[in-house]
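*Asks:* Shown below is the structure under consideration.
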Amino acid sequence: MQTKKFGKSGPQIPVIGQGTWYLDRGDRKAAIAALQRGIDAGMTHIDTAEMYGDAELVIADAIAGQREKLFLVSKVLPSNASRRGTITACERSLKRLKTDHLDCYLLHWRGSYPLADTVAAFDELVAAGKIRSWGVSNFDADDLGQLLAVAGEGKIACNQVLYHLQERAIEHAVIPWCEQHGVAVVAYSPFGHNDFPSASSKGGAALQSIAQAHKATPRQVALSFLTRAPSVLAIPKASSADHAAENAAAGNLKLSDSEIAALDKAFPRGPKPRSLPML
């Protein structure tokens, strides 16, 4: 499994991690098995959020006895992101995850509370040893610039954003901004939202052709393409242990320049949107 640095001063973590949105809505035993298979395969970066229902509780069961090998991330809802509310939300997530610290804690998206209040809470949580770093999710380049003015250089560990083959908006400004400032980019929903390209589509055919050349799967090719930039990691969700193993194998897949160009043509970036897409 390839690794990349998480932010300017963070550790090296696996290029492919594990997302957990909707993890609590299916078979609990299968979800735990998928997470554990993913960990065994090197996907030790596990991402969750207080918004994800009981996902934190499922994760707690899956990671029992192996917390020390993991890079664990959760998120605070904007509605809870006052200075005191952020601290309370973090402590609640720690209790649900049965851990004494998070490796990174994120503001899920920008809300009505001043960024200065949320950042102050993050800094307080770092000082208390309850989180080791902090970042944001669903921030466009302008939002990141405003956050930087509040926090200063080197504080923002990551920006977690929507990114898949058919939604490449972050390539216009977000990825360049993050790479300029040493901020990791974490791609959520890297297969889209129930709309991964079918084999009969033009894009799907390009994926299949490249996959066959590498004895890989189209989803593995997609993950490799999305993580081609030095700052980008991905957190696909797996509904089964076999799916988790498939995702993990993408962490060792390297595409050639010509294959990247072919996918770039099959899935054009498109114009810069007025606002950053998010789910």
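*Asks:* Pick out the one residue from GLY53, GLY42, GLY111, GLY7 that is part of a loop (DSSP other than H, G, I, E, B), touching a residue at least 12 places away in the same chain (Cβ under 8 Å) and surrounded by 21 or more Cβ atoms within 10 Å (Cβ to Cβ).
*Replies:* The conditions single out GLY7.
*Asks:* Still on this structure, I have one more. Return the pair list, or none, for Cβ contacts closer than 6 Å from residues in the stretch 77-100 that are more than 29 Å from GLN66 (Cα to Cα) to residues that are of a type in the set (A, V, I, L, M, F, W, C), at least 6 apart or on different chains.
*Replies:* So the pair list comes out as PRO78/TRP109; ASN80/ALA89; ALA81/LEU107; ARG83/ALA120; ARG83/ALA121.
*Asks:* Okay, next question. Is it the case that some residue within the stretch 198-218 is surrounded by fewer than 17 Cβ atoms within 10 Å (Cβ to Cβ) and within 20 Å of GLY38 (Cβ to Cβ)?
*Replies:* Scanning the stretch 198-218, I find no residue that is surrounded by fewer than 17 Cβ atoms within 10 Å (Cβ to Cβ) and within 20 Å of GLY38 (Cβ to Cβ), so the answer is no.
*Asks:* Still on this model: What tally of residues in the stretch 217-235 results from selecting those that are touching a strand residue (DSSP E or B) at 6+ places or on another chain (Cβ under 9 Å) and in a loop (DSSP other than H, G, I, E, B)?
*Replies:* Filtering the stretch 217-235 for residues touching a strand residue (DSSP E or B) at 6+ places or on another chain (Cβ under 9 Å) gives 222-223, 226-227, 229-235.
Adding the requirement that they be in a loop (DSSP other than H, G, I, E, B) leaves 227, 229-231, 235.
Of the residues in the stretch 217-235, 5 are touching a strand residue (DSSP E or B) at 6+ places or on another chain (Cβ under 9 Å) and in a loop (DSSP other than H, G, I, E, B).
*Asks:* Name the residues in the stretch 228-254 that are among the polar types (S, T, N, Q) and touching a helix residue (DSSP H, G or I) at 6+ places or on another chain (Cβ under 8 Å), would you? Write out each step before concluding.
*Replies:* Our first condition is that a residue be among the polar types (S, T, N, Q); within the stretch 228-254, this holds for 231, 239-240, 247, 252.
Residues satisfying the conditions are SER231, SER239, SER240, ASN247.
*Asks:* Among ALA244, ALA261, ALA238, which is the only one that is assigned to a helix (DSSP H, G or I) and closer than 17 Å to VAL15 by Cα?
*Replies:* Values: ALA261 fails: closer than 17 Å to VAL15 by Cα; ALA238 fails: assigned to a helix (DSSP H, G or I).
The conditions single out ALA244.
*Asks:* Can you list residue pairs whose Cβ atoms sit under 7 Å apart, with the first residue in the stretch 14-35 being within 18 Å of LYS75 (Cβ to Cβ) and at pLDDT below 95 and the second being small (Gly, Ala, Ser) and not in a loop (DSSP other than H, G, I, E, B)? Count only pairs 6 or more apart in sequence or on different chains.
*Replies:* Here the result reads LEU23/ALA31; LEU23/ALA55; ASP24/ALA55, each pair linking the stretch 14-35 to a residue that is small (Gly, Ala, Ser) and not in a loop (DSSP other than H, G, I, E, B).
*Asks:* Could you tell me which residue of the stretch 114-132 is surrounded by the most Cβ atoms within 10 Å (Cβ to Cβ), considering only residues that are touching a Ser or Thr at 6+ places or on another chain (Cβ under 8 Å) and under 27 Å from SER275 (Cβ atoms)?
*Replies:* The first filter runs over the stretch 114-132 and keeps only residues touching a Ser or Thr at 6+ places or on another chain (Cβ under 8 Å), leaving 117-118, 121-122, 125-126.
Subset that is under 27 Å from SER275 (Cβ atoms): 117-118, 121-122.
Working: ASP117: 16, THR118: 26, ALA121: 26, PHE122: 28.
My answer is PHE122.
*Asks:* Filter the stretch 210-227 for residues that are in contact with a helix residue (DSSP H, G or I) (Cβ under 6 Å, 6 or more places away or on another chain) and touching a residue at least 12 places away in the same chain (Cβ under 8 Å) and give the result.
*Replies:* Going through the stretch 210-227, the residues in contact with a helix residue (DSSP H, G or I) (Cβ under 6 Å, 6 or more places away or on another chain) turn out to be 210-211, 217-218, 220-221, 223-225.
Once the filter is applied, which keeps residues that are in contact with a helix residue (DSSP H, G or I) (Cβ under 6 Å, 6 or more places away or on another chain) and touching a residue at least 12 places away in the same chain (Cβ under 8 Å), the stretch 210-227 yields ILE210, THR217, PRO218, GLN220, VAL221, LEU223, SER224, PHE225.
*Asks:* Right, something else. Conditions: (1) more than 15 Å from the chain's Cα centre (by Cα); (2) at pLDDT 95 or above; (3) over 27 Å from TYR22 (Cα atoms). ALA229 meets all but one. Number of the miss?
*Replies:* Result: ALA229 passes all but (1).
*Asks:* Determine whether the stretch 1-12 contains at least one residue that is among the aromatic types (Phe, Trp, Tyr) and at pLDDT 95 or above.
*Replies:* Yes: one or more hits.
*Asks:* Give me a count of the residues in the stretch 56-76 that are surrounded by fewer than 18 Cβ atoms within 10 Å (Cβ to Cβ), assigned to a loop (DSSP other than H, G, I, E, B) and touching a residue at least 12 places away in the same chain (Cβ under 8 Å).
*Replies:* Selection size over the stretch 56-76: 2.
*Asks:* Also, I was wondering about something else. Are there any pairs, at least 6 apart or on different chains, whose C-beta atoms fall under 8 Å, with the first in the stretch 248-277 and within 17 Å of LEU233 (Cβ to Cβ) and the second buried (at least 19 other Cβ atoms within 10 Å of the Cβ) and of a type in the set (Asp, Glu), and if so, which?
*Replies:* Nothing qualifies.
*Asks:* Taking the stretch 77-108 as the search range and keeping residues that are in a loop (DSSP other than H, G, I, E, B) and farther than 19 Å from VAL150 by Cα, which one is nearest to the chain's Cα centre (by Cα)?
*Replies:* Here is the first cut: in the stretch 77-108, the ones in a loop (DSSP other than H, G, I, E, B) are 77, 81-82, 98-101, 103, 108.
Checking the rest, the ones that are also farther than 19 Å from VAL150 by Cα come to 77, 98-101, 103.
Working: LEU77: 16, LYS98: 21, THR99: 20, ASP100: 22, HIS101: 18, ASP103: 13 Å.
So, considering only residues that are in a loop (DSSP other than H, G, I, E, B) and farther than 19 Å from VAL150 by Cα, the one nearest to the chain's Cα centre (by Cα) is ASP103.
*Asks:* Being of a type outside the set (A, V, I, L, M, F, W, C) and touching a helix residue (DSSP H, G or I) at 6+ places or on another chain (Cβ under 9 Å) is the filter; apply it to the stretch 47-66 and report the residue that is nearest to ALA187 (Cα to Cα). Walk me through how you get there before you give the answer.
*Replies:* Just the residues of the stretch 47-66 that are of a type outside the set (A, V, I, L, M, F, W, C), to begin with: 47-48, 50, 52-54, 56, 61, 65-66.
From the residues that got through so far, the ones that are touching a helix residue (DSSP H, G or I) at 6+ places or on another chain (Cβ under 9 Å) too are 48, 50, 52-54, 56, 61, 66.
On the way: THR48: 13, GLU50: 19, TYR52: 17, GLY53: 21, ASP54: 22, GLU56: 20, ASP61: 25, GLN66: 25 Å.
If we take residues in the stretch 47-66 being of a type outside the set (A, V, I, L, M, F, W, C) and touching a helix residue (DSSP H, G or I) at 6+ places or on another chain (Cβ under 9 Å), then THR48 is nearest to ALA187 (Cα to Cα).
*Asks:* Check off (1) in contact (Cβ under 8 Å) with a residue 40 or more places away in the chain; (2) under 15 Å from the mean Cα position of the chain (by Cα) for GLY192 and give me the number that stays unchecked.
*Replies:* (1)
*Asks:* On to the next question. How many residues, within the stretch 265-279, are outside any loop (DSSP other than H, G, I, E, B) and surrounded by fewer than 16 Cβ atoms within 10 Å (Cβ to Cβ)? Steps first, answer last, please.
*Replies:* Within the stretch 265-279, the first condition is being outside any loop (DSSP other than H, G, I, E, B), and the residues that meet it are 265-266.
From the residues that got through so far, the ones that are surrounded by fewer than 16 Cβ atoms within 10 Å (Cβ to Cβ) too are 265.
Going through the stretch 265-279 one residue at a time, the tally reaches 1.
The values are calculated or read from the model by the stated rules, or taken from the named source; none is laboratory data. Nothing here was measured: the structure is a model prediction, and the numbers come from that model. Every residue, glycine as well, gets a Cβ built from its backbone with ideal geometry; the counts of neighbours run over all protein chains shown.
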